[in-house]
Amino acid sequence: MTDRRPAQRRSFLVTATPPTTNGDLHVGHLSGPYLGADVFTRAQRRLGHTALYASGGDDHQTYVVTTAQRLGLEPAALAARSHQEITATLAAAGIDIDAFTTPDDAYRDLVRDFFAGLHRAGKLVPRTWTFPYCAETGRYLLEAFATGHCPECLTATCGAICENCGHPNDVTSLLFATSTGAATAATEPREVEILVLPLEEYREQFTAFYAEHRATMRPHVLRFVDEMLSRPLPDFPVTYPADWGVPAGIDGFDGQVFNVWAEMLPGLIHMAETARAGRAPEQTPGVWDKDSGFELVQFLGYDNTFYFSFAHLGLALAHGGLVTPTAIVTNEFYHLDGAKFSTSRRHLIWARDLVAKHGADSVRFYLALGNPEHQPANFTEREFTDAVRTRLHEPLAAVCRALAPHTGQRIETSQDAAQPLERYRSRMRRAFTLETFSLRTAADATANLLALLAERAADDPGLAVQGLRELAAEAAPLMPGLCARVESRYAAAPGAVPDLADLLPGSD
């Protein structure tokens, strides 16, 4: 086997955006940061690097409140139930996450201490903000409590961020804002003093940061950054008037909680420390510290780009002692039958159901093969079953059938194997390297190798034997269950053709 040890070991701190705990994960969710971060983390470990993978439930999103209201549940009960569902779905899909936490007292203490420190240092400043107030719901219109149209691209959206173009808004810029769940559109403007991070003050640092990191940022992120920097940067609200979230606890800002997207940065720090304590307790605490030696790699949907590329980075710059992202790896939307996945419209396929029906490896393979890395992609179950059958199951079955008569025999090394297998190995290493990471490339290269092995297996069983073993080693981050089974068969028959019967469908 080829030596996979790197010339220089690297340490990666990998995060996937904490999912909102207002329901389980659908296939669109799974195709995004959770699969990408898992494959990347597994690949770095196999390449000899250190990698920690952390995330957790985003319990304090206002969407938890609006969904709970629609379902007739208490928000805390919905969040707790959803956390259990999401954890089970991630496990079923083979997402080997080191920490998937839920907010506890230690989490809330860290969040409060983080912002109290920034406030004492004068990094957070008060601003008088005008919020529409809905007397019917008793809420200020913010986040999911407000609906309207994006002032940038004009699409229908909720408050704070536009899922379509990624640009931030506030309730004064949101066009035709209305109160979510209210029978009437009547609101009254109310002025509230909140704490903000003035992002414009960090313009030079943002500009220098992205000039340095262009090679590890996806093109859509860079385009968004350029758009944002082409105009004055907005103040980022750190607190706002609401009762769902972590209470600010800062004098003069009673009745306010931390903006959930601001909360997320210290929340991720807590999640990362939990991951360290669980997987690598020998590592020095403080993996998010600037001098920790870890490279921060963050996987997220494009619609969250503003928060990670400006809000979180701005908070880290204000703090001064935190690691900043080496890479921001975004994905675009994954559509279902030509339309956006939607829990509210019941236009979705639950990830747990697809995995239960077809197996984790098949789902992971297909979601990688057509991954929405740089542009939206579309999922249909028919295309899923056809692609898995023709590009994974049938060629693998053909290789196994061709090798069956040779089971237990020793086959000489194929003279023709070196070049194609080296090319496959090289493409997989490139697909899994941070600077060129691509799920699509990894899945496509694996499918192409299988097709080649299936075509040549009868005439060149030596190539098939070597190729299948190489595939099991290189594609393991992509299809861990299947590759582990192949490797175990080879281990049981050292130097001989292993028994490859019953390798496939329904066994992952």
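Segment 309-414 holds helices (runs of 4 or more DSSP H) entirely within its bounds, and those carrying 3 or more residues that are in contact with a Leu (Cβ under 6 Å, 6 or more places away or on another chain) map to 313-319, 360-369, 394-403. Report the residue count in segment 80-117 for those that are part of a helix (DSSP H, G or I) and surrounded by 20 or more Cβ atoms within 10 Å (Cβ to Cβ). Residues in segment 80-117 being part of a helix (DSSP H, G or I) and surrounded by 20 or more Cβ atoms within 10 Å (Cβ to Cβ): 10 in total.
Does ALA454 satisfy being assigned to a helix (DSSP H, G or I), among the aliphatic types (A, V, I, L, M) and surrounded by fewer than 17 Cβ atoms within 10 Å (Cβ to Cβ)? Criteria not met by ALA454. Checking the stated criteria, THR178 turns out to be of a type outside the set (Asp, Glu) and part of a strand (DSSP E or B).
One residue stands out in segment 11-43 among those that are small (Gly, Ala, Ser) and out of contact with any strand residue (DSSP E or B) (no Cβ under 8 Å at 6 or more places or on another chain): the one that is farthest from PRO75 (Cα to Cα), namely ALA43. Return yes when ALA183 is within 30 Å of PRO75 (Cα to Cα) and either in a helix (DSSP H, G or I) or free of Cβ contacts under 8 Å to residues at least 24 places away in the same chain (or both) and no when it is not. No: the conditions fail for ALA183. Only one of the listed residues (ALA472, ALA368, ALA377, ALA442) is among the aliphatic types (A, V, I, L, M), surrounded by 23 or more Cβ atoms within 10 Å (Cβ to Cβ) and touching a Phe, Trp or Tyr at 6+ places or on another chain (Cβ under 9 Å). That residue is ALA442.
Sub-7 Å Cβ pairs linking a first residue in segment 17-45 that is closer than 21 Å to HIS335 by Cα to a second residue that is of a type in the set (Lys, Arg), at least 6 apart or interchain, are ASP24/ARG352; LEU35/ARG364, ordered by first then second residue. If I ask for residues that are touching an Asp or Glu at 6+ places or on another chain (Cβ under 9 Å) and part of a helix (DSSP H, G or I), which ones from segment 273-289 would you list? Those that are touching an Asp or Glu at 6+ places or on another chain (Cβ under 9 Å) and part of a helix (DSSP H, G or I): THR274, ALA275, ARG276, GLY278, ARG279.
Give me the pairs, please: first residue somewhere in segment 458-473 and in contact (Cβ under 8 Å) with a residue 24 or more places away in the chain, second residue anywhere and buried (at least 21 other Cβ atoms within 10 Å of the Cβ) and outside any helix (DSSP H, G or I), beta-carbon distance under 8 Å, and either six or more positions apart or on two chains. These pairs meet every condition: PRO461/VAL497; LEU463/ALA457; ALA464/ALA457; VAL465/VAL497; LEU468/LEU500.
Here HIS358 clears all of (1) surrounded by fewer than 22 Cβ atoms within 10 Å (Cβ to Cβ); (2) touching a Phe, Trp or Tyr at 6+ places or on another chain (Cβ under 8 Å); (3) under 30 Å from HIS213 (Cβ atoms) except the condition numbered (3). If I ask for residues that are touching a Phe, Trp or Tyr at 6+ places or on another chain (Cβ under 8 Å) and either surrounded by fewer than 22 Cβ atoms within 10 Å (Cβ to Cβ) or part of a strand (DSSP E or B) (or both), which ones from segment 130-141 would you list? Across segment 130-141, the qualifying residues are PHE131, PRO132, TYR133, CYS134, THR137, ARG139, TYR140. The set of residues in segment 153-171 that are surrounded by 13 or more Cβ atoms within 10 Å (Cβ to Cβ) and farther than 25 Å from GLY249 by Cα comprises ALA156, THR157, CYS158, ILE161, CYS162, GLU163, ASN164, CYS165, GLY166, HIS167, PRO168, ASN169.
Residue count for segment 186-209 satisfying the condition of being under 30 Å from CYS134 (Cβ atoms), among the polar types (S, T, N, Q) and part of a helix (DSSP H, G or I): 0. Considering only segment 482-502, I want to know if a residue exists there that is within 21 Å of LEU439 (Cβ to Cβ), part of a loop (DSSP other than H, G, I, E, B), in contact (Cβ under 8 Å) with a residue 40 or more places away in the chain and touching a helix residue (DSSP H, G or I) at 6+ places or on another chain (Cβ under 9 Å). The answer is no, given that none of the residues of segment 482-502 is within 21 Å of LEU439 (Cβ to Cβ), part of a loop (DSSP other than H, G, I, E, B), in contact (Cβ under 8 Å) with a residue 40 or more places away in the chain and touching a helix residue (DSSP H, G or I) at 6+ places or on another chain (Cβ under 9 Å). For segment 271-287, what are the residues that are touching a Pro at 6+ places or on another chain (Cβ under 9 Å) and buried (at least 23 other Cβ atoms within 10 Å of the Cβ)? Of everything in segment 271-287, those that are touching a Pro at 6+ places or on another chain (Cβ under 9 Å) and buried (at least 23 other Cβ atoms within 10 Å of the Cβ) turn out to be MET271, ARG276.
Where a number appears in this text, it was derived from the coordinates with a stated rule and is not lab data. Values in this document were obtained by computation on a predicted structure and should not be read as measured data. No Cβ is skipped: glycine too gets one built from the backbone with ideal geometry, and neighbour counts run over all protein chains shown.
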